[in-house]
Every structure is written in C-alpha cells, then in structure tokens.
Amino acid sequence: MNRPALDFCFLDCTLRDGGYYNAWDFPRDIVIDYLSAMQAAGVDIVELGFRSLKNNGFKGACAYTTDDFLRSLPLPESLTIGVMVNGAELLGDMPLEQTLQHLFPETAATSPVRLVRFACHIHEFQQVLPASTWLKERGFQVGFNLMQVADRLPQEIETLSQQACNYPLDVLYFADSMGSMNPQHTLEIINRLRTHWQGALGIHTHDNMGMALQNTLQALEAGVTWLDATITGMGRGPGNAKTEYLALELGQRREQPCSLVPLMSLIERFFRPLQNTHGWGTNAYYYLAGKHGIHPSYIQSMLGDSRYTPEDILAVIEHLRVEGGKKFSLNTLDAARKFYHGEPQGTWEPASLIQGREVLLLGTGPGVAAHRQALEHYIRKAQPLVMALNTQSQINPDLIDLRLACHPVRLLADCETHTRLPQPLVTPASMLPEDVQQSLAAKELLDFGLVVKTNTFEFARTHCVIPSSMVIAYALAVATSGEASRILLAGFDGYPGDDPRNEEMDTLLSAYSENKISLPLITVTPTRYRIPSQSIYALSSL
C-alpha cells in the first residue's frame, strides 16, 4: 500500500455488507472488476468480506476472505485490503487469543490484509477490545464498529468512549444500525464519543429514512475521517450510503478527479439486476422502522414474504413500535400480530386418527419434489399418516391424509386453494378471525386449538401451547397430542447462507426435542437444520 496520507479514508464494504443477500458468493470476475472500479472511483479501503470460523450452510469466499483467496486476486497497490470479524465470534468457548490465531494465522508482514474491523454490540465491546492489542502486535490496523449506538443514553456512549482509550485502536466507528439518525443526532453522538476518545472516528450509515449520505457528510464536517459506503447502497434492509454518490462528494472535496465509468458499468451489468432480484433500498416501511428504532431485518423479512400484505406490514410495525423491535427475532415477528390469545379452544382429538402411527410431515422445501419417487414408494409400503403443511402439493395428493395450517395471514391467502384440495384441514378453526372462518366455510375442518407462548410446548387432547404460530410447531404439537410413534420430516431443506430463519428453526426444534414427552424426529431428505437424519432411500428398501 503506497497511498499518501489523507484527511479522510473512503471505505467501501459492498462485498461484506452486501453478502447478506447472496451468501457472499460473488463471481470471481465481478470481484476483479470491482477492485478496478474502486481504484478508479478514489476509494482508499475495500473491506472484501468477513473473517469467520462459522461453517453453517453454504457461503461464498467473501464470507471467509482467507489469505489464499486474496492472493488469488489482482489486488491494486493503491487499495488497502480489509476484513471484518463479528465480535461475538471471539466470545465462544475458545480463549480469545486462540480464536484470533485461527482467524489470522499470518502477520501483516505476509498477509494481504492490512485492516481488521470488529463489529460489536455494546455489551460485547469491553470483552472484545483486547483483540486490538493482539492484532496491533502483528502489524494490522484495527477498527471497532459500535452497533446500535443511536438509542443509547449519553453516559453510556461516554463510557464506551472511555473504554476505547485503553486500547490501540486506529479508528472507532459508530453504526446507525436502525437507520434512525438525522444530522443533529449524528452530531450529538460524535460529541459524546469525543468526551474521551480523541483518535480517528468513523461512521457507517443506513438509509432507512433516506439520510445515509446526509448523515455521512454531516459527520465528515464534524471531523469524522473514516466514511463507509456500498455500491448502490447494497446492504441489509434499506442498505447504506451509496459509494457512487459519496465518491462524487469526496472527489470534489479532495479536488482530485475520479472516474465512475468502471463503477457505473459494473452497476448496470451486475449490481442493478441483483438489486432488482433482492430489493434492497429504502421505502415507506423502512422509513417508519427507522423513525421508531425497529430493526430493518423485520421489514426485509416481511417484504421477502408475499403473504404479508401492506396492511400486515404496517400492523407489525405498529406492534413493534409499542413493544420494541431493536433486536431482530422471527419469534417477535411471528407474535407481532397476536393471532392467538386467551384460552385455547378446540374440538378435534388427534389421537382418534394418529395414535400409535408413524407420522410423515411434508414441508414446502424442494426436497419433496427432488425425492418424490422414494417418498411415494415409502408411503405406499409403510403406510405412515401423511400430513402436508399448508398447500404443499409436490407428491400424489391421494397419498396425503391431512393438511395443517394455522397462521391467519397465510390461511387467508391460501383459502381458495384449500377449498379445492381434497384433504381435511387441521387448523384452530374456532379461534380464527371471522373473515378467515367465512372463507373456509365450505372446507372440512378439524378444529385443534392453539395458544402462542414463548419457549413453551404443551400438548392437550384438543389443543396445544406452542412457542410460535409457525405451522411446523403446530404440526409437531398435533402429532405429539395424537400420540404418534415417531415423526419423519421431508422437505425441510432450510434456507441458504446466513438466513436468520435457520437459527430460529433450530431453536424451535431443539425446544420441542427437550420436552419430556416429545417424539423422535428424523429428517429423511436433505436439510440444513440440526436434527437427526436418515435417507428415504434406505427406509424405502427395508
């Protein structure tokens, strides 16, 4: 790296922050063109991805950004190469220094990496700070990104500022994690951080309220010298300040020409089509989330699910405004509409049909269609009771005994389909909203009641208590209340990359298995979830 000293550092983190949409799997030719475009646009530092020891589900090279991967790229001399580490990864079972040694086996003298940044929640900051000493001794530049600072009390921010002074950080960042800051708020946080910390400050803004660039430039005027951006704003939820805009602003301040031609070409060829597919960028929902301090992943999750209507999304936002939504949780999202409350009601006893039988649950993942022939062979041979979730129809309908559905938004969307399907529908019929009941009036319903209560599985003859209104939780309760012999799962493939729904499902399945009267769970098609697995082909041959 041979760039001259500058009044500020322009850092692009597209391949790190944007990787949440494509599992950090950027084509090699795109990465190479990206590096050239960053050099031409006047970017000083590129954060090419994460360093991580986690290996759950497939992730691309930029999720790990190893030294070998970096050496395979034509890295421009003018660009400083950086990586980010999630601070939580240093707080596991291994000692901190041992984890760091695994993450950074080389010193800065031989590694292509020059900058290491840690993303830390407030409660992690003090524990992770010693990592800066370890890395500085090995020649790296070190930065810390404080997340969700905007809603902290002034004295809390001042304490963080004081803690940072005890360690050899090159830069202390604050991130507008909820996208809720305005320029005045930005100034207030900078002033609080400056009560003790006199080193370099950095800012990472989110664009919920359309103020990412404005807040970044306000921070620059206030003396913040490290500035983050991503191409087209690519990042979780509404995204970040846009590199193409910030490049123009900073080029003007530097009085140095920059060329956006390679970058704009790359945007039109790769990033714009990707944005059209995944839909990052702000809108009225993100604006409201930013205004009320709600985690943008709630909005991202709902916008990615066609079952959520505008009315649903606004109702969830209103609930989270009252109840609090600073930490993303699908359980919270699921409970936000509070569909089922009060005393559970139900009239149907699953044991009348299920008792002593093996149950096969058919999920909606591609594993059902991919292994349809083996599944159908097993059903005809072993005669399990087959229960399909929602409107899953990837096998012969004559082989499905029951369907289950319990989420009113999903039910209302699927009403017309359910009325055409021949199987009885297990649902908490007497507890459903009136409009859903009317839509299902012509359908044979088996009324099994439910109540949603966090971290709880309870099974009664005609109702259950479950931790969320996800249909898989309801199906497990039906089979358990029905005293099945065991539960086989097919089509529970899981989600790609670092999708938070994988962790939510693993938590739910673990909570079920820990219940003293739970049934054995076995998945018979491929899955990303942490549950026992067997092959449907082996079962079919027995």
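Could you check the range 482-495 and list, in sequence order, the residues that are in a loop (DSSP other than H, G, I, E, B) and either small (G, A, S) or under 17 Å from Q355 (Cα atoms) (or both)?
G482, E483, A484, S485, R486, G491, G494 - these are the residues of the range 482-495 that are in a loop (DSSP other than H, G, I, E, B) and either small (G, A, S) or under 17 Å from Q355 (Cα atoms) (or both).
Which numbered condition trips up L100, out of (1) out of contact with any helix residue (DSSP H, G or I) (no Cβ under 8 Å at 6 or more places or on another chain); (2) assigned to a helix (DSSP H, G or I); (3) open to solvent by less than 10 Å² (accessible area, probe 1.4 Å); (4) closer than 29 Å to P27 by Cα?
Looking at each condition in turn, L100 falls short on (1).
Just name the residue that is least open to solvent (accessible area, probe 1.4 Å) out of those in the range 242-261 that are in a loop (DSSP other than H, G, I, E, B) and free of Cβ contacts under 8 Å to residues at least 24 places away in the same chain. Give the derivation first.
Within the range 242-261, the first condition is being in a loop (DSSP other than H, G, I, E, B), and the residues that meet it are 255-260.
From what is left, the residues that are free of Cβ contacts under 8 Å to residues at least 24 places away in the same chain are 255, 257.
Details: E255: 163, P257: 131 Å².
The residue in question is P257.
Of everything in the range 281-294, what is within 22 Å of G19 (Cβ to Cβ) and crowded, with 24+ Cβ neighbours inside 10 Å? Give them in sequence order.
Listed by number, the residues that qualify are Y286, A289.
For the range 91-110, enumerate the residues that are more than 18 Å from F125 (Cα to Cα) and among the aliphatic types (A, V, I, L, M).
Result: L103, A108, A109.
Tell me, yes or no, whether the range 467-481 has at least one residue that is in a strand (DSSP E or B), under 33 Å from the mean Cα position of the chain (by Cα) and surrounded by 19 or more Cβ atoms within 10 Å (Cβ to Cβ).
No, because not a single residue in the range 467-481 is in a strand (DSSP E or B), under 33 Å from the mean Cα position of the chain (by Cα) and surrounded by 19 or more Cβ atoms within 10 Å (Cβ to Cβ).
Can you say whether L35 is in contact (Cβ under 8 Å) with a residue 60 or more places away in the chain and farther than 27 Å from R501 by Cβ, as far as the supplied structure shows?
no
Consider S518 carefully, then state whether it is of a type in the set (S, T, Y), over 21 Å from the mean Cα position of the chain (by Cα) and surrounded by fewer than 21 Cβ atoms within 10 Å (Cβ to Cβ). Reasoning before the result, please.
Numbers: of a type in the set (S, T, Y): yes; over 21 Å from the mean Cα position of the chain (by Cα): yes; surrounded by fewer than 21 Cβ atoms within 10 Å (Cβ to Cβ): yes.
For S518, the condition - of a type in the set (S, T, Y), over 21 Å from the mean Cα position of the chain (by Cα) and surrounded by fewer than 21 Cβ atoms within 10 Å (Cβ to Cβ) - is met.
With respect to the numbered conditions (1) part of a loop (DSSP other than H, G, I, E, B); (2) touching a residue at least 60 places away in the same chain (Cβ under 8 Å); (3) surrounded by fewer than 20 Cβ atoms within 10 Å (Cβ to Cβ); (4) not aliphatic (A, V, I, L, M), which one is the sole condition not fulfilled by S540?
Of the numbered conditions (1) part of a loop (DSSP other than H, G, I, E, B); (2) touching a residue at least 60 places away in the same chain (Cβ under 8 Å); (3) surrounded by fewer than 20 Cβ atoms within 10 Å (Cβ to Cβ); (4) not aliphatic (A, V, I, L, M), the odd one out for S540 is (1).
With (1) over 27 Å from R530 (Cα atoms); (2) of a type outside the set (F, W, Y); (3) in contact with a strand residue (DSSP E or B) (Cβ under 9 Å, 6 or more places away or on another chain) as the list, and G19 as the residue in question, which single condition is left unmet?
Of the numbered conditions (1) over 27 Å from R530 (Cα atoms); (2) of a type outside the set (F, W, Y); (3) in contact with a strand residue (DSSP E or B) (Cβ under 9 Å, 6 or more places away or on another chain), the odd one out for G19 is (1).
Taking the options T417, T391, T462, name whichever one is more than 16 Å from L508 (Cα to Cα), hydroxyl-bearing (S, T, Y) and touching a helix residue (DSSP H, G or I) at 6+ places or on another chain (Cβ under 7 Å).
T391
Is one or more of the residues making up the range 269-286 part of a helix (DSSP H, G or I) and at pLDDT below 80?
Looking for residues that are part of a helix (DSSP H, G or I) and at pLDDT below 80, one finds at least one in the range 269-286, hence yes.
I'd like the full set of residues that are of a type outside the set (A, V, I, L, M, F, W, C) and open to solvent by 30 Å² or more (accessible area, probe 1.4 Å), limited to the range 215-234.
Selection gives Q218, E221, G223, T225.
Inside the range 1-90, counting only helices (runs of 4 or more DSSP H) that do not spill past its ends, which hold 1 or more residues that are open to solvent by 50 Å² or more (accessible area, probe 1.4 Å)?
19-22, 28-40, 67-71
If you take the residues in the range 496-515 that are part of a loop (DSSP other than H, G, I, E, B) and modelled with pLDDT of 90 or more, which one is surrounded by the fewest Cβ atoms within 10 Å (Cβ to Cβ)?
Within the range 496-515, the subset part of a loop (DSSP other than H, G, I, E, B) is 496-499, 514-515.
Next, from what is left, pick out any that are modelled with pLDDT of 90 or more: 514-515.
Working: E514: 9, N515: 15.
Filtering first and then ranking leaves E514.
Being buried (at least 16 other Cβ atoms within 10 Å of the Cβ), in contact with a His (Cβ under 6 Å, 6 or more places away or on another chain) and modelled with pLDDT under 80 is the requirement here; does G237 meet it? Write out each step before concluding.
Details: buried (at least 16 other Cβ atoms within 10 Å of the Cβ): yes; in contact with a His (Cβ under 6 Å, 6 or more places away or on another chain): no; modelled with pLDDT under 80: yes.
So G237 does not fit the description; no.
Test G356 against the criterion of being at pLDDT below 95 and assigned to a loop (DSSP other than H, G, I, E, B), and give yes or no.
no
Spot the failing condition for S306; the list is (1) exposed (fewer than 14 other Cβ atoms within 10 Å of the Cβ); (2) modelled with pLDDT under 90; (3) in a helix (DSSP H, G or I), and only one is missed.
Status for S306: all satisfied but (3).
The values are calculated or read from the model by the stated rules, or taken from the named source; none is laboratory data. These numbers were taken from a predicted model, which means no experiment stands behind them. Please note: Cβ atoms are built from the backbone with ideal geometry, for glycine as well, and neighbour counts cover all protein chains shown. With ligands, DNA and RNA removed, areas are computed over all heavy atoms of the protein, side chains included. Shrake-Rupley method; radii C 1.70, N 1.55, O 1.52, S 1.80 Å.
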